[in-house]
Amino acid sequence: MILAIETSCDDTCAAVLAPDGRRALSNVVHTQTEHARYGGVVPEVASRAHLERLDGVVEKALADADVDLDGVTSVAVTVRPGLIGALLVGVSAAKGLAYARRLPLVPVDHLEGHVAAAYLAEPDLEPPFVALIASGGHTALYFVDEDGMRLLGETLDDAAGEALDKGARMLGLGFPGGPEISRVAQNGDPARHDFPVGLRDKNNLDFSFSGLKTSLLYKLKALDENGAREELPHLAAGYEAAVVEALSRKLLRAADARNIPTVVAAGGVAANGLLRRTLREECDRRGLRLVVPPPELCTDNAAMIGAAAPLSRAVSFPDYLALNARSV
Ligand code: KG4
Ligand code: ZN
């Protein structure tokens, strides 16, 4: 069994997976609520909370899977990218567990983990495919084949999740902003306000969300308090629709450009209902196979890190003692 640990941002996560990494026996996510009142993740608060919670989260992951450490044959852990202090807590714990049991340690890239969530969702999935990762820290398109992930395009400024989080903050909504904007947008008309879709007609695979943010700022400035309250659902709906259009358009363009019949959407923003519906419709129409993990495997979790382990290079005992976390 693979024991997987993920602490790159504000979720303390551990999971146990079958040796091929395509089936999770447990998947424990402890989302830190400490950050909500700051409207964003505070790195030092995140590290401390990981330190306090990780042992309990690992114990629960083992208990839920009904295995003890004797049944664990390798330890996988996110080593990059992320908040360095937060990553270090997970990497240190993983090193300690692996060292005590003389097990191999598998360093996993968080972004490869997001993509690997697709293998948990549909275990028969095999490369090649085109993958969108849209999260709070990253928004990029990759071509995935047996040799790994090749970058096709990425955001020139904010990540999609970051744009949603910042938009939500401007609208006076809570954190994380993505689910909040979706909730409020349900009663809104996305066409009532005209929002720009960054790089929409540029013939490339990049994204830009800064113009969208500025557009929301100016729309809010033009409204008084009452007006802003009345327009809130419409503003949220228009803003969400612009983010979704940018993501779906470029993902489908990448599939066309590469002539690849399989597309994957992953990362926290892929939990978004409108994005999931839009991609489903567009892929059905074009006859493409769409793999989107269930929402709980799109947002940060350790099962996806375990799923990426068989695709990553394991480091044998005790060479990993020199292994380090990296923020980028
Ligand atoms: O992948 P993730 O959990 O963490 C990072 O690696 O960043 O992504 C978190 C991001 C946040 O920006 C959050 O607002 C967004 O994903 N998010 C959503 C939804 N759930 C989480 N955005 C839109 N709709 C959602 N349902
Ligand atoms: Zn993530």
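Side notes on the structure shown:
- Full extension of the chain between residue 102 and residue 34 gives 20.9 nm of extra length, using 0.36 nm per residue less the Cα-Cα distance.
- Dipole magnitude (debye, nearest 20) for the range 188-328, charges at Cβ of Lys, Arg, Asp, Glu: 500 debye
- Reducing the range 157-235 and the range 7-38 to their Cα centroids gives an inter-centroid distance of 29 Å.
- Shape of the range 47-122, Cα gyration tensor, a/c cut at 1.5: rounded
- Zone residues, the range 108-130, relative to residue 289, backbone N less than 18 Å from point 7 Å out along Cα-to-Cβ: 115-130
- All alpha carbon pair distances within the chain were sorted into 10 Å bins beginning at 0; the resulting P(r) in whole percents reads 6, 27, 32, 23, 10, 2, 0.
- CD proxy at 222 nm, helix term only [per DSSP H run n ≥ 4: -39500 (n - 2.57); per residue of the chain; nearest 500]: -14000 deg cm²/dmol
- Under a model in which nothing but the beta-carbon of Lys, Arg (+1) and Asp, Glu (-1) is charged, the range 129-259 shows a dipole of about 160 debye around its Cα centre.
- Pairwise label distance in nanometres, residue 145 with residue 45, each label 7 Å out on the Cα-Cβ vector: 4.6 nm
- Look at the dipole of the range 1-147 built from charges on Cβ: of 69, 133, 40, the Cα furthest out on the positive end belongs to 40.
- Reach of residue 221 by Cα under 22 Å, taken over lysines that are not fewer than 8 positions away in the same chain: 166, 213
- For the chain, built as a Gaussian network whose Cα springs stay under 10 Å, the top-fluctuating residue of 66, 157, 55: 66
- Note on residue 313 and residue 189: the model spin-label points, each 7 Å out from Cα along the C-beta direction, lie 5.8 nm apart.
- Peptides ranked, highest mean first, by Cβ atoms within 10 Å: ranges 102-109, 311-318, 287-294: 102-109, 287-294, 311-318
- With neighbour counts taken as other beta-carbon atoms within 10 Å, the residues 278, 214 rank, fewest first, as 214, 278.
- Estimated dipole of the chain in Debye, rounded to 20 [Cβ of Lys and Arg +1, of Asp and Glu -1, Cα centre]: 440 debye
- Taking all Cα pairs closer than 8 Å and separated by 6 or more residues, the relative contact order of the chain comes to 25 percent.
- Linear extension gain, residue 281 paired with residue 60, 0.36 nm per residue minus alpha-carbon span: 75.7 nm
- Listed by number, the DSSP H helices of the chain that run 24 Å or longer by alpha-carbon position along their axis and have mean Kyte hydropathy of at least -0.5 are 43-65, 84-101, 225-258.
- Overall, the anisotropy analysis places the range 129-259 in the prolate class: the square-rooted eigenvalues a ≥ b ≥ c of its C-alpha gyration tensor yield a/c not less than 1.5, with a/b exceeding b/c.
Here, each number is a calculation from the coordinates, and none is a lab measurement. What you see is a predicted model; the values in this text were computed from it and never measured. Glycine gets a Cβ as well: all are built from the backbone with ideal geometry, and neighbour counts include every protein chain shown.
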